Amino acid sequence: MGALLFFAQTVRIAIPYLFAAAGGALAERAGVVSLTLEGFMLGGAFGAVLGSYYTHSAWIGLVVGVAWGLGLAAVHAVSAIRFKADQIVVGVAINLFTVGITRFFLQLAFGSSSNSPRVAGFGGDGVAGAAGFLTNPLIWMGVLVMPVVWWIVQKTTFGLRVRAVGEHPMAAASVGVPVNRVRYVAVLASGALAALGGVYLALDQHQFTDSMTAGRGFIALAAVIFGRWDPLRAGLACLLFAAAETLQIQLQAAQLIPSQFVAMIPYVLTIIAVAGVVGRSRAPAALGRTED
């Protein structure tokens, strides 16, 4: 029973990582750096709470959250693809912008700089344990997202085009592939998927708190790198990082190790994992390039 509970908690913690990493893998395979995942997630979380609060519907909250992710992704896509801005700088700017604008609207809409009131979420406030796990549709979507993205990237015409523009955009353009259009679609899809990770966080907790994503977008990006830009491998990396976070929670409850050291476990594991593949993995050849 203990192992089953550990696995269930690991899956629940992994869901936002899986959504964000799926979006990151898709955009980066198309040649666009996904440093913006953190911002997409935070925007999606706030949009979900805003929509759910004013309509009392978790489903409308989900739609509003995805719309926030799409809006931020559109800014990223236009800046990086149309105006060929440095993608690292754009990513940092969007992340900082999202922190600021969500804090501003949090104060404007709810009169608080720290958290929103409780809102409707999937499963209801009274559903807990296995029932809450099974009745949350975002958990099932999160479990399936990586296999679906892998199938799209590896088995469809669009996926072939994504891989082509991420490796050699000039060669892809020479055979009629609309390079910029493919990249726009990939980045917008990345924003929507990462926003779903934020939606899950907010509706699972039934409220928005300031900067509630707490670096999950960066861990998801690390999972993409650790998985060598393959969606299925990135999904396994997300489960690994989520298992480390579950272990951290259980160790904190046991109070066997000072809490400061326990809190470091997921981040230390992330650094070690990414450092272990640097030099042995190959990113898409055109990742971050804007001159083509």
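Structure notes:
- When each of Gly43, Gly51 is tested for being surrounded by 24 or more Cβ atoms within 10 Å (Cβ to Cβ), under 18 Å from Ala220 (Cα atoms) and at pLDDT 95 or above, the lone residue that passes is Gly43.
- Within the stretch 56-82, being of a type in the set (S, T, N, Q) and either within 19 Å of Glu38 (Cα to Cα) or touching a helix residue (DSSP H, G or I) at 6+ places or on another chain (Cβ under 7 Å) (or both) holds for one residue alone: Ser79.
- Annotation note: of Gly2, Gly65, the sole residue that is at pLDDT 95 or above, farther than 24 Å from Val162 by Cβ and over 12 Å from the mean Cα position of the chain (by Cα) is Gly65.
- Residue count for the stretch 54-87, restricted to those that are surrounded by fewer than 16 Cβ atoms within 10 Å (Cβ to Cβ), within 19 Å of Ala109 (Cα to Cα) and among the small types (Gly, Ala, Ser): 1
- All positions within the stretch 160-177 that are touching a residue at least 12 places away in the same chain (Cβ under 8 Å) and either acidic (Asp, Glu) or touching a helix residue (DSSP H, G or I) at 6+ places or on another chain (Cβ under 8 Å) (or both): Arg161, Val162, Arg163, Ala164, Val165, Gly166, Glu167, Pro169, Ala173, Val177
- Subset of the stretch 210-221 [surrounded by 24 or more Cβ atoms within 10 Å (Cβ to Cβ) and among the hydrophobic types (A, V, I, L, M, F, W, C)]: Ile219, Ala220, Leu221
- Some residue of the stretch 105-124 being touching a Lys or Arg at 6+ places or on another chain (Cβ under 7 Å), touching a residue at least 40 places away in the same chain (Cβ under 8 Å) and at negative phi: yes
- You will find that of Ala67, Ala109, Ala20, Ala27, the residue that is touching a Leu at 6+ places or on another chain (Cβ under 6 Å) and in a helix (DSSP H, G or I) is Ala20 and no other.
- Scanning the stretch 222-240 for residues that are of a type in the set (Phe, Trp, Tyr) and surrounded by fewer than 20 Cβ atoms within 10 Å (Cβ to Cβ) yields nothing.
- Inside the stretch 113-139, residues that are modelled with pLDDT of 85 or more and either closer than 30 Å to Gly24 by Cβ or among the hydroxyl-bearing types (Ser, Thr, Tyr) (or both) make up a count of 10.
The values are calculated or read from the model by the stated rules, or taken from the named source; none is laboratory data. What you are looking at is a predicted structure, and each value in this text was computed from that prediction instead of being measured. Neighbour counts are summed over all protein chains in view; Cβ atoms, including those assigned to glycine, are modelled from backbone coordinates with ideal geometry.
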